[in-house]
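No value in this document is a laboratory result; all are computed from the given coordinates. Only a predicted model underlies this, so the values are computations on that prediction, with no experimental measurement involved. Don't worry about glycine lacking a Cβ; one is built from the backbone with ideal geometry, like all the others, and counts go over all protein chains shown.
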């Protein structure tokens, strides 16, 4: 497949379409036209690992993919067109050049691993499903294989970047045959390394959640409670959802229900709100 051909992994459901998707496509096309008209930008694949242009390009593609995959659009839980565009542009960097930067391959691997799971993230009603309820049979195995190929190609050079670690975490989830068989200890090691490189509250929160799944929910809860003071998490629904998950793993069902209800009040879309309400209701003691 050439980078400019239609992606073979394009599988859309009715809930993924919207009139605003046409608007997004038009804006992307205008952006590509403007770049072509400039005509003087050096290709990112020619940039060295310390070239700030490379980091800027990778960051832009990372954010574009993340907005599509974890975005806040009220009517489209996953904006496939944004994910696909980020992957198409990253493919231009990794599949048209033998000398592509390892970080670019790491980013492509991460996007492949996440996007391979997109068909299992939403139920028939357009509501997010937690990982434990996702049907792994619908995950795109070909795309996972593509991600593994890029992981291998990212292993050149001495640097272990944050992108390498994020790709490795996503890889662990994709390769696990079930939730219970997921190597949480390995993922926790990866999160510790990631936190050393980027000590952000969101990474700390994800690390706490993994620690809870790895068998230490009380320590994870202490870490999560400390993060409540972080301004960036004040109105972040996934902070409260993560706290709910940790409380549930610690068998604190009333606390878990309250956290999920708080997450539902802060939800950015109906897909998030209903998902959090379902998890709150699941904590009812019969």
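Structural remarks
- Residues 265, 94, arranged from fewest to most other Cβ atoms within 10 angstrom of their Cβ, appear as 265, 94.
- Residues 161, 178, 75, arranged from fewest to most other Cβ atoms within 10 angstrom of their Cβ, appear as 178, 75, 161.
- Overall shape: oblate for segment 131-205, with the ratio a/c of the largest to smallest alpha carbon gyration tensor axis at 1.5 or above and b/c at least equal to a/b.
- Shape of segment 157-199 from the C-alpha gyration tensor: prolate (a/c of 1.5 or more and a/b above b/c, with a ≥ b ≥ c the square roots of its eigenvalues).
- Full-extension gain in nm, residue 192 to residue 235, via 0.36 nm per residue minus C-alpha separation: 13.0 nm
- Rough spin-label spacing in nm, given labels placed 7 Å along Cα→Cβ, for residue 251 and residue 159: 4.8
- Reciprocal mean inverse distance between Cα atoms of segment 52-161 - Kirkwood radius, Å: 14.7
- Subtracting the Cα-Cα distance of residue 60 and residue 136 from their residue separation scaled by 0.36 nm leaves 24.4 nm.
- Förster radius 30 Å - calculated FRET efficiency between residue 179 and residue 88, Cβ distance, rounded to 0.05: 0.45
- FRET efficiency, residue 75 to residue 200 (Cβ-Cβ, R0 35 Å, nearest 0.05): 0.75
- Residue 228-residue 67 pseudo-label distance in nm [points 7 Å out on the Cα-to-Cβ vector]: 3.3
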